[in-house]
Structure formats: structure tokens, C-alpha cells
Amino acid sequence: MVAEPAWPVNTLPRLYVDEKLLLEAVIVPDRAQAHYLISVMRFKMGSQLVLFDNMTGEWLGEVIEADRKHLQIKIIHHLNEKEAIPDLWLLTAPIKKGRIDWIYEKACELGVARITPVITQRTIVDRVNLERLQAHIVEAAEQCGRTSLSEVSEACSLKQILADWPEERALFFADETGGESMISAITQRKGPAAILIGPEGGFTDQEREMIHQIQQAVPVSLGPRILRADTAAIAAAALWMATAGDWGKQPRQGND
Ligand code: SAH
């Protein structure tokens, strides 16, 4: 869908399109997008919006043909290159529908590069609907001004993920039984990173042992309270972004 950022009020709607954009190309939004733009945003000839494609940055588009159900949008100006996103992966055991959707939406807003559902021994959700999660990522990216989408990866077992663990990537393992303070752990290990969050039932001792075998794994604590998995995922991602990510940068103003 198309999202209209809440602030500033005069910001143009942003639309993700699944095709490579270039100057003077003509884009035909799909039915749902066209419906939103025409019926809700009252789009007509000459209306403008921002488009991005997860490849070439973002562009200004203008309606060059409109009727009650269809629109044609011409790309008239390149606004920004695709941003460089901090190299953080979020590995999270799938939890029930509303809560996992929330994790994907918030992680995208926070700037996470890739999100992977991890199947652990106590995972109770047996099906992950990647299409629905992808739709949440698109909507969050449109709303928050990202020019790149968080990558939505296939579900994978914890064992497999650990077996293929990349040498250069730190693995901050949120351990509900305790670990290093998250901020000091991050400060000591800048560079590519991942955060691992368990399911509602937590990790088993066997899994803890398996994780400890990984040289890059650092058990971290998120404080004295047991957080729900969704809270833990977003709190940890925010801490990483503020400490090692790009939160030193200022928000982009409007569509410039
Ligand atoms: N049922 C478990 C808690 C699981 S909470 C118990 O009662 O112990 C779900 C996940 O959130 C955990 O596996 C862990 O990854 C993360 N988490 C929650 N609270 C945490 C904390 N205080 N420190 C570190 N990780 C935490």
C-alpha cells in the first residue's frame, strides 16, 4: 500500500514499486495502490508523489494520466540515492501473528537490514507467512522514509543458522538467564552484527550450549525483567542502532 508519513504534514505520499525506476519511465500503480491514491489521496493530473524501488534510491513522480480507477505516473526527478543501511540482522523465533507483524514493522523502522525467522526447540508457531511479513516491511519503509527494504529471509532452524555463521559477524544472543550488559557488549564489538531472540518459552539449555560454541556469540542481558519476545527484539535493535548504528544522523526533512 501507499503510506503517507504523518509528519511533516505536507510530505508527499511514498510508494514502493517492484520494478527498477529511471528518469521519464511511466509507472502504472497496481489496483490497490491506484485505489488508495485516487480515492483516499484524491490524486488527479499533476499530483506528485515519491517512489522508491529498493535499487536506485527515490524519485519524484507526477500523474500524467488519471481516470476513476487508473493512474499513470511519470518519473520526473531523482531525489536521493539508495541509503546505506547499518549491517544488523534480527534473528527472531516466530511468535503469534499480531506480534510477529509488529516486530517486522518496527524493525524496519529502526533500520534493521535483514530479518530471519529462527525455528528453535520451543517455537510453537509452525507456519511463517513471508508474504504478509513482506507487506508489513513495504508499508513501514514507505511510512518511515527508507529507500531500501529490510530483507525478509526464509525461516531457518537455529542449528542451520549456527552451522553457517559468518566469521565477521557478532552474534548478540539475548539470554533471559543473563549475560553481558548489551551496551558494553556492542561497544566492544563494532561491525556487522546480529541479534538473536528466543520464542515465548525461551531457549533450552541444549540450545544455549550450541550457541556458546559459536566464537562470535555473546550472551547479553536486557535487564532484570523478562521481556516478551517482541519487546526484547525491538529494545535490543534500538540499543544496537543507538550504539553502533546510524542514530547519530538527523531525520531527513520532508522529501528532500
Ligand atoms: N519463558 C522465558 C522467557 C522468554 S522471553 C522465561 O520465563 O525465562 C523471550 C525471549 O526474549 C528470550 O528467549 C530472550 O531472547 C529475550 N529476553 C526476554 N527478556 C530478556 C532479558 N531480560 N534479557 C535477555 N533476553 C531477554
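The values are calculated or read from the model by the stated rules, or taken from the named source; none is laboratory data. Note that the structure is predicted; figures quoted are calculated from it, not measured. For neighbour counting, all protein chains shown are included, and Cβ atoms are generated from backbone atoms with ideal geometry for every residue, glycine included.
Could you go through the range 135-158 and let me know if any residue there is surrounded by fewer than 18 Cβ atoms within 10 Å (Cβ to Cβ) and farther than 27 Å from residue 52 by Cα. Yes, because at least one residue in the range 135-158 is surrounded by fewer than 18 Cβ atoms within 10 Å (Cβ to Cβ) and farther than 27 Å from residue 52 by Cα.
Condition first: at negative phi, over 13 Å from the mean Cα position of the chain (by Cα) and of a type outside the set (Ser, Thr, Tyr). Can you find one or more residues in the range 99-116 that meet it? Yes, the range 99-116 contains a residue that is at negative phi, over 13 Å from the mean Cα position of the chain (by Cα) and of a type outside the set (Ser, Thr, Tyr). Those residues that are out of contact with any Phe, Trp or Tyr (no Cβ under 9 Å at 6 or more places or on another chain) and near the ligand (Cβ under 9 Å from one of its atoms), I need them from the range 208-226; list them, please. Result: 221, 222, 223, 224, 225, 226.
Looking across 63, 50, 26, one residue alone is over 14 Å from residue 147 (Cβ atoms), in contact with a Lys or Arg (Cβ under 8 Å, 6 or more places away or on another chain) and buried (at least 17 other Cβ atoms within 10 Å of the Cβ). It is 63.
For the range 215-246, the set of residues classified as over 12 Å from residue 182 (Cα atoms) and exposed (fewer than 15 other Cβ atoms within 10 Å of the Cβ) consists of 215, 224, 225, 226, 228, 246, listed by residue number. Scanning the range 69-99 for residues that are in contact with a helix residue (DSSP H, G or I) (Cβ under 9 Å, 6 or more places away or on another chain), closer than 25 Å to residue 35 by Cα and among the basic types (Lys, Arg) turns up just one, 69. Can you pull out every residue in the range 190-207 that is modelled with pLDDT of 95 or more and more than 13 Å from the ligand (Cβ to nearest atom)? If the condition is that a residue be modelled with pLDDT of 95 or more and more than 13 Å from the ligand (Cβ to nearest atom), then 191, 192, 193, 206 are the ones that fit.
Conditions (1) assigned to a loop (DSSP other than H, G, I, E, B); (2) closer than 30 Å to residue 195 by Cβ; (3) modelled with pLDDT of 95 or more, marked per residue:
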position	(1), (2), (3)
21	yes, no, yes
65	no, no, yes
72	no, no, yes
95	yes, yes, no
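Taking the numbered list (1) under 19 Å from residue 234 (Cα atoms); (2) in contact (Cβ under 8 Å) with a residue 24 or more places away in the chain; (3) surrounded by 15 or more Cβ atoms within 10 Å (Cβ to Cβ) in turn, residue 177 passes all entries but (3). Within the range 198-213, the set of residues being out of contact with any Lys or Arg (no Cβ under 6 Å at 6 or more places or on another chain), loosely packed, with under 15 Cβ neighbours inside 10 Å and not polar (S, T, N, Q) comprises 205, 209, 212.
Would a scan of the range 227-234 turn up a residue that is closer than 20 Å to residue 101 by Cα, in contact with a Phe, Trp or Tyr (Cβ under 7 Å, 6 or more places away or on another chain) and modelled with pLDDT of 95 or more? Checking the range 227-234: at least one residue is closer than 20 Å to residue 101 by Cα, in contact with a Phe, Trp or Tyr (Cβ under 7 Å, 6 or more places away or on another chain) and modelled with pLDDT of 95 or more. Identify, please: which residue in the range 90-133 is within 12 Å of the ligand (Cβ to nearest atom) and surrounded by fewer than 19 Cβ atoms within 10 Å (Cβ to Cβ) and is, among those, farthest from residue 234 (Cα to Cα)? That would be 121.
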